[in-house]
């Protein structure tokens, strides 16, 4: 990527780690082993998404002293670790719920569109010279992708235990988007849509 043309050592370090995190997430989400269970498919694709959010947040904690963003990153880590534990707890029973093949195909086609847009927008996030701003521009499409994935799953019958997780995920990610957009405004930037 063209990131390394900039002369900011902390940003180069930050962006190099971000690239590696994004590459791992992309591979894990696109190569997840899918079945005839929408519940299972959602879980195995969102788990690496959440792991990447933890890694991205740890990366920004190593590269910024911006207090509001540090607090947001700590919240992201805590929330994603809790959510992954909850998802892992319901993964096996939810995998038993099967869906009609045509539903699975429609669901997964929409997931592919969501992931393609999310990966593209994360890779094309502005490089500003400030890792704090870069993180927000990268995390916004990441959060939006999780909201869209969750809304897509809710359009189909899923495991009963997954419904509260999906609802909670949508609410928390929308709150996270608003929080990050406000921090970005405080840093003198306009949130991109």
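The values are calculated or read from the model by the stated rules, or taken from the named source; none is laboratory data. Owing to the predicted nature of the structure, the values given are computational and were not obtained by experimental measurement. Cβ sites come from the backbone with ideal geometry, for glycine too, and all protein chains shown count toward neighbours.
When you go through 155, 146, 192 one by one, which is the residue that is surrounded by fewer than 15 Cβ atoms within 10 Å (Cβ to Cβ) and modelled with pLDDT of 95 or more? Walk me through how you get there before you give the answer.
Values: 146 fails: surrounded by fewer than 15 Cβ atoms within 10 Å (Cβ to Cβ); 192 fails: modelled with pLDDT of 95 or more.
Exactly one residue qualifies, and that residue is 155.
Quick check, is residue 147 within 28 Å of residue 14 (Cβ to Cβ) and not in a helix (DSSP H, G or I)? Spell out how you get there, then give the answer.
Numbers: within 28 Å of residue 14 (Cβ to Cβ): yes; not in a helix (DSSP H, G or I): no.
Considered against the rule, which asks whether it is within 28 Å of residue 14 (Cβ to Cβ) and not in a helix (DSSP H, G or I), residue 147 comes out as no.
Please pick out the residue among 63, 59 that is modelled with pLDDT under 95 and in contact with a helix residue (DSSP H, G or I) (Cβ under 6 Å, 6 or more places away or on another chain).
Of 63, 59, the one residue that is modelled with pLDDT under 95 and in contact with a helix residue (DSSP H, G or I) (Cβ under 6 Å, 6 or more places away or on another chain) is 63.
Mind listing whichever residues of the stretch 25-62 are crowded, with 21+ Cβ neighbours inside 10 Å and farther than 18 Å from residue 150 by Cβ?
56, 57, 59, 60
Would you say residue 80 is out of contact with any strand residue (DSSP E or B) (no Cβ under 6 Å at 6 or more places or on another chain), under 19 Å from residue 22 (Cα atoms) and touching a residue at least 60 places away in the same chain (Cβ under 8 Å)?
So residue 80 fails the test.
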